[in-house]
Amino acid sequence: MELVHTNVEVHLFGVDGFALLDEPVLCASRPDRLLVDVARLGELITPDTRMDSMVGRMAFPEASGLVVSALTMLGVDGWWRKADTPPSAEWGAARTLAQLVCEANFASAHRSERMLLQSALAVSAPLSRAMSQRQLARLLLFEILPRADFLILPVNVVRGARTWLTSQSSHEAVSRCVSLWRHARQLDLTDSTAWRHLGGDFDAAVELVCGDMPDAQFTHSMAKDIIEPIERVIAQAAVVCRDAAARFDEDTESSAMSPSDRPDASSGYGGVGLPHHRMLRYSIPTESERAARDQFAARLTEASYRSPGIQSTPVPYPAGRLNTRELVRLSAQMHLGLAPTAKPWTARVMMPRARVRLTFALVFDASLSMSPWTHHAGPLGWSIAAAVNELGGSCTVRGFGGGSFEVIRPGTAPVNVPRVVDTGSGSDGCDLALDHAVADSRILTQAGARVVVVLTDGKLPAEDATGIDRTVGRLRDAGVVVLWVLTSARVAADVVPDRAIVLTSVTPESFIDVVSRTVVEELAHT
């Protein structure tokens, strides 16, 4: 593989919020151009995103991964830089295989970028629940299984996919696809004729596997065994990248302080970023904590689905209303020399029963008056975060008592269980912790099912009530379910927001059952 020195022109589209390109990131040669559609990337990128440092790329892993993937081809002297390839199945398959080879070679030489390439698959190869079995098989064979075979993705996450493909077709047909994408790594990247033949052979081999598959939607068990393990790995890669960027920023800030200024200096725990009277200890989850996680996940599975509905879908054939903006996109694509893929018509189609994303936030009272819950609140937060993460959602956990502190970051599922050690804090900070949880989880703007749970005895300072009511009001106005879980009777609580759903006399043993049941009931009405 011969590397080339090249200057890449970067063209930004969609800055005004209207998508122009068919894909978020495209690359074109002669001259080398990187086309980035900001509108298609949405929250995955910001106008001031910097990609000239590893920390900058890690902070926006999906967008950075797409750019890295495109640059792996622009930096190689391959047939795609010289040959004019008309739109066809064989050239499309050849380009996909070339992309896989370039990514694999790059990931092998730059292991730190592998997580970015994994994160990018959330955008470039989304595993939609609306796909048919045939579409799923093609996506697995073109995008997922080769990356696992080339060690861009972990091998173990595609076991269910391999088993399913073999059962639907034959071992020989799937093996033929494997041998062809492996052969791609042996080809001369400048030999366009050999790549065209390989592309045709690979497309035919994939069609042999998928040809007799039904267009029916895949089942829930298929989604659980095939799609969810892959989605978890892709999502976890993005979380790891963002955490790495955040830790670097925290370490930089901490190193600029003198030892006496650092958090927890007096307690002997350097730089964990918590108030000096607050500590977190971690331990392996017990059987009862794992059981609570499994119970919560099983109950929330009911809440993570929506009934079928009608949805407007862009289509390339006359069916319904004409979208003039799509006509503009079509003209722009032709002007840029891109394949015309705009879909100017909008059809109304029935969507299948689809899974929706869960966004959860738990805020718990760690004050001295909640001492009976000291050894339960952290593990309960772990059970909820682990359960929500298993379902493909995101959960943030924060505590308060003399201030607000982070227990579990949004989108993560820690292996060990956090346990709070309290040396006698006050009861203030609920309003601050609630605001932090809302900001960290971005729950006001997330799609899907959204829930905020506050666990407290209600013995809070009266001056915090205004801030709590204001935040709860914002959440309810946005359609977020808010549960105010009291460990005592309501009459014993000093602060109870009017617009929250109040659960009373909840114990550590009943918390998972009561909260999960209420969440399912409330989400059924949203």
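Read the figures in this text as sums done on the coordinates, not as results from a lab. Just so it is clear, the model here is predicted, and its values are computed rather than measured. Counting neighbours? That spans all protein chains shown, and the Cβs are built from the backbone with ideal geometry, glycine included.
Tabulated data
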quantity: Peptides ranked, highest mean first, by Cβ atoms within 10 Å: ranges 95-105, 357-367; calculated: 357-367, 95-105
quantity: Least to most buried among Asp203, Asp477 (fewest other Cβ within 10 Å first); calculated: Asp477, Asp203
quantity: Net charge over other residues, Cβ less than 13 angstrom from the Cβ of Lys459 (K, R count +1; D, E count -1); calculated: -4
quantity: Calculated FRET efficiency for the pair Arg159/Val240, C-beta based, R₀ 25 Å, to 0.05; calculated: 0.70
